């Protein structure tokens with residue numbers, strides 16, 4: 001632990017009181033949850049590549065970073081501060097503020113990839129050099145003025161740490177929709193750490209907000225029905241499909257679905273059942289969005 005940990009804790013207490021600081025935020029893609037849970041650690045991109053850990057790299061490869069931070073795990077203090085992350089299904093991992101006192105934790109006063117950002121390791125820097133009013137209050141917008149660019153950089157203040165971070169320090173796993181929450185429950189089981197908070201994410205893209213799968217052998221034993229609602233009306237697209245697998249992972253059926261352009265956000269899809277239990281996967285807009293066992 002850092003030698004001035006008690007002072008850092010006093011600063012954190014103040015941030016909680018004045019800005020409702022809830023913990024350190026790490027945004028990643030839903031597809032990375034499995035490896036994070038299995039390994040038990042949040043690892044840097046470099047460590048994942050070095051150990052052949054399959055993961056979806058959400059970092060924008062077009063960013064010309066001035067600092068090589070591939071060996072570091074990175075956290076933000078406030079939601080929706082970095083719109084450059086590339087995530088098909090975003091998830092926010094909320095880690096304990098205890099990380100702030102870790103020996104290897106480094107603080108930045110803004111976007112760690114910026115040439116204008118400074119780095120520090122003690123409470124003097126953490127409490128006085130980071131513009132906390134901007135971090136928690138400035139709202140990103142399309143203003144391209146130099147003042148707004150500076151404010152955006154400051155809002156992206158980070159904690160970076162050059163070591164894997166144990167998920168024992170994890171406080172919450174936050175999903176953007178009930179559909180993503182249900183998918184996590186289906187894959188990993190229900191968990192008290194799960195929450196659904198759409199306001200934690202940029203929600204300009206269309207996605208499935210919620211769904212239900214209904215099958216009743218007394219009414220029609222040959223089909224089950226997927227009812228789902230979307231974030232926005234559906235534009236005409238053929239980039240949708242469902243797949244059925246047996247419980248050993250062998251594919252049974254793959255069917256493309258084309259939804260006509262519509263002002264509706266509610267849809268039904270009838271699927272012919274099989275005689276054996278199956279794993280049902282549904283891609284919406286080319287993105288895997290639903291995974292359920294049927295039967």
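Read-outs: derived from the displayed coordinates by stated rules, not from any lab. The structure presented is a predicted model; accordingly, all values stated were derived computationally and were not measured.
For region 5-175, place one equal point scatterer on every Cα, skip the solvent, and apply the Debye formula. What is log10 of I(q)/I(0) at q = 0.10, 0.14 Å⁻¹? Computed log10 I(q)/I(0) values: -0.36, -0.73.
Per the Cauchy relation, a quarter of the hull surface: what is the mean projected area of the convex hull of the alpha carbons in region 205-294, in nm²? All intermediate terms of the calculation are to be shown ahead of the outcome.
Values: hull surface 22.8 nm².
Answer in nm², one decimal: 5.7.
One compactness figure for the chain is 1.14, namely its Cα radius of gyration divided by 2.2 N^0.38 Å. For region 264-291 versus region 1-58, the inter-centroid distance based on Cα atoms is 33 Å.
The long axis of helix 5-19 is offset from the longest Cα principal axis of the chain by roughly 60 degrees. For region 1-49, the Cα gyration tensor yields ellipsoid semi-axes of 30, 15, 8 Å (square root of five times each eigenvalue, largest first, whole Å).
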